[in-house]
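First up is the structure itself, then whatever we jot down about it.
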Amino acid sequence: MKITHVETYLLDVPLKQRAITDSQTRLEGVEFIAIRIDTDEGISGWGFNWNYTKGTRAVQAIIDDTYAPKLIGKDPLMYKNILRELHYTNHFIGQVGVTRVGLCAVEMALWDIKLKIANLPLWKYLGPVKDKVKAYNTDGGWLQVTQDELIRDMTALIERGFDAVKMKVGLPDPREDYERVKAVRKAIGDNIKLMVDVNTVWDLKTSIVWGRKFEEFDVYWLEEPMNPFDKRAHAELARTLDLPIAVGETIYTKYDFRDYIEMGAVDIVQADATKLSGIDEWLDVAALARCYNLEVIPHTNVQQKLHVQLAAASSNVPMVEYCYESIADIWENPIKVVNGYYTLPEEPGLGCKFTDKVLTECRIG
Ligand SMILES: [Mg+2]
């Protein structure tokens with residue numbers, strides 16, 4: 001089998017819900033890079049990556065200009081060797097960042113080809129340890145809503161069957177965060193898991209002082225309190241607080257996860273395959289975490305279908321994030337959550353192909 005053609009699609013997908021905010025981002029839509037790798041045997045593989053803001057065009061340029069020419073003529077089943085070569089193609093202009101965002105999309109497309117040949121979805125190919133995956137919901141906890149709206153949205157999720165929810169914090173005045181967390185805990189009761197996400201805007205002192213106060217409300221984890229490059233501060237925070245520390249959505253290599261874990265700087269590993277270089281590196285991180293008896297609870301927003309399958313095949317992944325429900329239908333055979341549990345895809349392949357409507361109507365490059 002030989003690769004004959006590589007096509008990229010730059011997509012700008014608007015959210016159908018109102019604009020949403022956390023402590024560092026105001027979001028009205030998501031940019032995607034989609035990639036299709038064709039073969040001489042009629043099998044095509046689809047991969048993707050995503051970004052909150054403009055700039056994904058740079059990823060498309062990396063794929064089109066440097067990866068695609070090297071892919072033509074290769075056997076897609078030699079994918080590990082291919083990816084190694086592509087990584088070193090951009091060795092001097094970025095070990096992480098746009099080069100790896102693109103590399104991840106290529107990796108997914110090569111996995112998709114392999115899975116279609118095997119005629120299995122990813123989770124069955126890897127070997128499942130469970131046949132349904134618990135979801136926790138982040139869509140009720142955005143920062144721009146009033147406290148009353150926050151309580152309304154959170155309680156609505158619980159009425160739909162979710163028993164774990166996350167809310168954003170990191171307002172300019174942490175006292176306001178405190179009052180919002182207190183109000184939500186009172187509204188949802190003691191039997192619901194409640195997580196809080198700072199999105200990296202606190203310093204160590206703020207994290208210690210306000211993280212300690214959040215312990216009053218039985219918060220299940222404190223997510224991304226500080227700059228993710230500062231592992232030492234996370235280690236000190238984790239030593240100081242009883243509250244578990246969750247990080248991972250802005251950690252880009254398995255070596256950084258290794259350091260976090262060895263330093264005791266993380267309790268909940270939120271590895272995201274689309275921020276790593278793809279499925280293989282995510283599996284490495286999950287295996288590493290298992291060696292330290294740590295749970296992996298992947299960060300997701302648009303990539304649930306990928307992570308739910310990884311979760312089903314991993315013994316240390318108890319649940320997967322669910323949000324951005326308003327654009328869940330961008331995918332063919334979109335994944336669904338029923339009574340707080342994801343259904344798993346049955347179609348062979350990775351299952352991460354956009355609908356033809358999205359590929360046409362949202363294409364900007
Ligand atoms: Mg987060």
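The values are calculated or read from the model by the stated rules, or taken from the named source; none is laboratory data. Since the model is a prediction, treat every value here as computed from it, not as a measurement. Note: ideal-geometry Cβ built from the backbone for every residue, glycine included; neighbour counts use all protein chains shown. Protein only, heavy atoms only, side chains kept; ligands, DNA and RNA dropped before computing areas. Shrake-Rupley method; radii C 1.70, N 1.55, O 1.52, S 1.80 Å.
Brief remarks on what is shown
- Taking a ≥ b ≥ c as the square roots of the Cα gyration tensor eigenvalues, the stretch 124-342 comes out oblate, since a/c reaches at least 1.5 and a/b does not exceed b/c.
- Spin-label pair ILE364/MET263, simplified geometry with 7 Å Cα→Cβ offset, distance in nm: 3.6 nm
- Net charge, HIS307 excluded, C-beta distance under 11 Å - Lys, Arg +1, Asp, Glu -1: -1
- Helix 79-89 axis, angle to the chain major axis (alpha carbon atoms, nearest 10°): 80 degrees
- Nearest-10 value in Å² for the accessible area of LYS132, using the 1.4 Å probe: 110 Å²
- When both the stretch 133-172 and the stretch 47-113 are represented by their alpha-carbon centers, they are found 35 Å apart.
- For the stretch 124-342, with +1 on Lys and Arg beta carbons and -1 on Asp and Glu, the positive-most of VAL133, PHE162, SER277 along the dipole: VAL133
- Here the 3J(HN,Hα) profile of the stretch 60-66, calculated from phi with Karplus coefficients 6.51, -1.76 and 1.60 at θ = phi - 60°, is 4, 5, 4, 5, 5, 8, 10 Hz, Gly and Pro shown as x.
- Between helix 231-240 and the chain there is an angle of about 40 degrees, using the helix long axis and the longest principal axis of the Cα atoms.
- Sulfur and carbon atoms: percent of accessible area, the stretch 264-309 [1.4 Å]: 49 percent
- Overall, the stretch 117-168 carries a charge dipole of about 340 debye about its Cα centre when +1 sits on the Cβ of Lys and Arg and -1 on the Cβ of Asp and Glu, all other atoms neutral.
- Relative contact order of the chain, defined on C-alpha pairs under 8 angstrom at six or more residues apart (%): 20 percent
- Rounded Å value of the spacing that divides the Cα centres of the stretch 181-213 and the stretch 264-278: 21 Å
- Listed by chain and number, the lysines whose C-alpha is less than 20 Å from the C-alpha of LYS114, apart from same-chain residues fewer than 8 away, are LYS2, LYS70, LYS74, LYS80, LYS124, LYS305, LYS353.
- Overall, the stretch 83-230 carries a charge dipole of about 560 debye about its Cα centre when +1 sits on the Cβ of Lys and Arg and -1 on the Cβ of Asp and Glu, all other atoms neutral.
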